[in-house]
Amino acid sequence: LRDTDADVERVAGKPISEIFVTDGEQRFRELERHAVRTAVAEHTGVLSLGGGAVTDDGTRALLAGRPVVFLDVALADAVKRVGLDGARPLLAVNPRQQWRRLMEQRRPLYEEVARVVVPTHDRTPDEVAAAVLDALRRSDRTDDHPDDHPGE
């Protein structure tokens with residue numbers, strides 16, 4: 001597993017929240033795009049992207065045609081998993097309302113780059129992982145030419 005947010009923090013030498021405050025969101029997105037480009041070229045395992053990575057046109061282009069999975073998380077589950085606190089710069093004021101607004105803006109972008117969408121509600125991490133693998137296997141079969149799988 002590789003996390004591009006961790007890569008950005010390592011390269012910048014500071015937390016993402018500080019990058020937003022001192023350098024601005026545009027600079028963060030540039031660092032993030034570079035981190036995604038590097039990780040896509042170097043890493044062969046699971047790559048975890050920050051929630052806003054898809055807002056950058058260049059990052060979406062890097063993801064085109066790859067086995068991208070959109071883990072569709074409900075607000076209640078997001079609160080339990082990651083919290084909605086000041087460490088997340090775009091959620092600093094009225095985090096629940098901001099999260100809803102960001103999801104409305106980002107959902108079409110997530111769906112644009114995703115090969116599959118996997119709902120996570122009421123699933124354990126192991127169940128989500130199994131659902132991801134199953135969905136990717138099914139999408140690989142449907143991407144093949146039908147004559148490649150006679151009798152299916």
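Since every read-out is calculated from the coordinates, none of them should be taken as a lab result. Quick caveat, the model's predicted, so the values are computed rather than measured. Cβ: placed from backbone, ideal geometry, glycine included. Neighbour counts: every protein chain shown.
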*Stretched out fully, how many nm does the piece from residue 74 to residue 41 gain, at 0.36 nm a residue minus the Cα gap?*
8.8 nm
_At R0 = 22 Å, how high is the FRET efficiency between residue 141 and residue 117 if r is their beta carbon distance? Nearest 0.05 is fine._
0.85
